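Here is the structure we will look at, set down as structure tokens.
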Amino acid sequence: MAEIGDIFGRYRVMCMLGHGGMSRVYKVRDLTLGVCRAMKEVDIVDEALIDAMLSEIDLMRKIHHPLFPDIIDIIRDDKRLCIIMEYIDGWTLKEYKNIKKTITEKEVLHIALKICEGLTYLHSRSNPIIYRDLKPSNVMISRDGYIKLIDFGERDSKYGVYITKDYSPKEVIRYACFDERSDIFSLGRTLEYLLDKKTSKDLKRFLGKCMNTNPDKRYQSAKDAKKALEKIIHKKEGLKSVKKKNTVLLIRIIILSAIVFMTVLSSVIFYRKKLSSNILKNISYYSSDSTIEQLSAAVNLYFSEDNYLFLLDEIKKDGSFSKKESELVESILERHSYRIKKYPYLLYETGILYFYYYDDDSSNDLLIVRAVMSHDKFFDACNLGIEDAKAYEEITTFLLSVNSMIIEGKDKGMYRRLFGNLNRIITASTHEEDIVRLTVYDMTLDMLYAYSADFYREGIDINDMRILVMNIGEDVMSIENTGKKSDELKLHIDEKIPKTEKEIEHIKDIVTKIN
């Protein structure tokens, strides 16, 4: 099993992306080209299976289609086989579902069309290729919205490929019988996972046909499934044009409702303000899930700058910002969006809450999830004149775009700016809560470890990096143990400091290799 920092050929391991079966997938850096790749490490436990896999990899190297990642290199020794592939900066559909919580039917239809396009390409080759393990964790969506099908071809002795029973039809589970129709079944299961219970009748019928237990009653090809999806989309677009005819009537109803509403508005505002104030007074000395819900209800009842900031402070008390609490905050922001623009500082504070406190146990990369959730808040706050938001907006932009910029060769100049922004938020966090300071230090060490050579190439002195690590170490020692979360962060930082110092000392060697 590879460790962070290990070098395979010209590729250095940066972090693990996932694992399953007899393989692990890592993010690696090409030390010659300076770009990121994905490396799949497969244990050699059966030579026959490895030979079959190499044969299939050789076939996949001949596939050039935008829906499939390119296979770039193969490295083999006595214990393992390493497949170097195109790195996709994004999420699996499983991760994407966990982050977004709700995926619209329109977006699911777009994803379905792309998967069908990929399956059609595989199935219609002169020697048809069956995907065999289509599931949410084997489909990726990039940050730019592109779909990629990954990770097919890993074999075992029974099925010829590792399968996931929840996404496989009976003929596969019982008899290891794969054909185009078994891929169609897996397509239906994957889409079913993405959709909520509220699904249109047409799409439900489509899923039912895909997942029919009798293969002969399913769509017989991905091309047929794609045509059915296109009909559903065209029908939806037709319904939209019908709805437009009722727009005038709807506007009249809204105007009439507004007149009635304005008549009683002043008395309602007075009542809500009084009730909201009473709720806040009664629960200001407690902090739990139930009181956070009550506080959210009070802020929704009567929105004000003080009420909203009080809610954020209460959420921070336990050092964690949960998904449930996030839903409450987002409902307030959505409901009072027209008022929020009057208080842009609230957007900045909400971004800070996401960036430092948001927890998502389902994600392998919490920092990226926090960047996704906070970026828009910092961006809007910055555009509305909040100077403090600028450094955070640029850091989250870096986190979300650096890999694609590296691939496109457009990352020059990003690292010097990142180093300056890291120093700015470290300075700004001096008087913040311990959890904020520790999180800043933890992230800074990660950045120094991953990009020290890039910082050096763009003019950052090695001594400046050394001093920054030394200052972090000294300040962490001065922070008293204030809770479980802080203690865990301190331990992480203590472990990272020597690794980061070692990486900085090797900068010149690394830059020489890359150049």
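When you scan region 322-343, do you find a residue that is of a type in the set (D, E, K, R), modelled with pLDDT under 85, more than 24 Å from Cys382 (Cβ to Cβ) and surrounded by 13 or more Cβ atoms within 10 Å (Cβ to Cβ), even just one?
No, region 322-343 has no match at all.
Can you tell me which condition Tyr219 does not meet? The list is (1) within 30 Å of the chain's Cα centre (by Cα); (2) modelled with pLDDT of 95 or more; (3) aromatic (Phe, Trp, Tyr), and all the others hold.
Single failed check for Tyr219: (1).
Starting from region 449-474, keep only residues that are within 21 Å of Ile493 (Cβ to Cβ) and in contact (Cβ under 8 Å) with a residue 12 or more places away in the chain, then list their pairs with residues that are part of a helix (DSSP H, G or I) and polar (S, T, N, Q) whose Cβ atoms are within a distance under 6 Å, requiring at least 6 positions of separation or different chains.
So the pair list comes out as Tyr449/Thr500; Val469/Thr500.
Have a look at Asp446, Asp365, Asp434, Asp360 and point out the one that is at pLDDT 90 or above, out of contact with any His (no Cβ under 8 Å at 6 or more places or on another chain) and either over 24 Å from Ile504 (Cβ atoms) or of a type outside the set (Phe, Trp, Tyr) (or both).
Testing whether each residue is at pLDDT 90 or above, out of contact with any His (no Cβ under 8 Å at 6 or more places or on another chain) and either over 24 Å from Ile504 (Cβ atoms) or of a type outside the set (Phe, Trp, Tyr) (or both) leaves just Asp446.
Does Thr397 meet the test of being under 23 Å from Tyr441 (Cα atoms), surrounded by 20 or more Cβ atoms within 10 Å (Cβ to Cβ), among the β-branched types (Val, Ile, Thr) and without any contact (Cβ under 8 Å) to a residue 40 or more places away in the chain?
No; evaluated as a whole, the condition is false for this residue.
Out of (1) closer than 27 Å to Asp411 by Cβ; (2) modelled with pLDDT of 90 or more; (3) in a loop (DSSP other than H, G, I, E, B); (4) β-branched (Val, Ile, Thr), the odd one out for Ile103 is which?
(1)
Scan (1) in the same structural domain as Lys27 (by TED's automatic domain parsing); (2) within 30 Å of Ile232 (Cα to Cα) for the single condition Ile103 breaks and write down its number.
Just one mismatch for Ile103, condition (1).
Considering each of Leu265, Leu275 in turn, give the residue that is at pLDDT below 80 and in contact with a helix residue (DSSP H, G or I) (Cβ under 7 Å, 6 or more places away or on another chain).
Of the residues listed, the single one that is at pLDDT below 80 and in contact with a helix residue (DSSP H, G or I) (Cβ under 7 Å, 6 or more places away or on another chain) is Leu275.
Here is a yes/no grid of residues against (1) touching a residue at least 40 places away in the same chain (Cβ under 8 Å); (2) of a type outside the set (A, V, I, L, M, F, W, C); (3) assigned by TED's automatic domain parsing to the domain that holds Asp411:
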{"residue": "Tyr26", "(1), (2), (3)": "no, yes, no"}
{"residue": "Leu31", "(1), (2), (3)": "yes, no, no"}
{"residue": "Ile50", "(1), (2), (3)": "no, no, no"}
{"residue": "Met60", "(1), (2), (3)": "yes, no, no"}
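Of these, Leu491, Leu422, Leu418, which one is over 20 Å from Tyr354 (Cα atoms) and of a type in the set (A, V, I, L, M)?
Leu491
Do we have any residue at all in region 300-320 that's in contact with a Pro (Cβ under 7 Å, 6 or more places away or on another chain), over 30 Å from Cys36 (Cα atoms) and of a type in the set (A, V, I, L, M, F, W, C)?
No: zero hits.
Could you tell me whether Ala228 is modelled with pLDDT of 95 or more and touching a Ser or Thr at 6+ places or on another chain (Cβ under 7 Å)?
Considered against the rule, which asks whether it is modelled with pLDDT of 95 or more and touching a Ser or Thr at 6+ places or on another chain (Cβ under 7 Å), Ala228 comes out as no.
Touching a His at 6+ places or on another chain (Cβ under 8 Å), surrounded by 15 or more Cβ atoms within 10 Å (Cβ to Cβ) and either assigned to a strand (DSSP E or B) or of a type outside the set (A, V, I, L, M, F, W, C) (or both): is that true of Val25 in this structure?
The answer is yes for Val25.
So, Glu41, is that one over 17 Å from Tyr131 (Cβ atoms) and outside any loop (DSSP other than H, G, I, E, B) or not?
Against the criterion (over 17 Å from Tyr131 (Cβ atoms) and outside any loop (DSSP other than H, G, I, E, B)), Glu41 qualifies.
Does region 309-330 hold any residues that are touching a residue at least 60 places away in the same chain (Cβ under 8 Å) and not in a loop (DSSP other than H, G, I, E, B), and which are they?
Within region 309-330, Lys316, Lys323, Glu327 meet the criteria.
Can you go through Ile63, Ile50 and tell me which one is part of a loop (DSSP other than H, G, I, E, B) and modelled with pLDDT under 90?
Answer to the selection: Ile63.
The values are calculated or read from the model by the stated rules, or taken from the named source; none is laboratory data. Quick caveat: nothing in here was measured; it's all calculated off a predicted structure. Neighbour counts run over all protein chains shown; Cβ positions are idealised from the backbone, glycine included.
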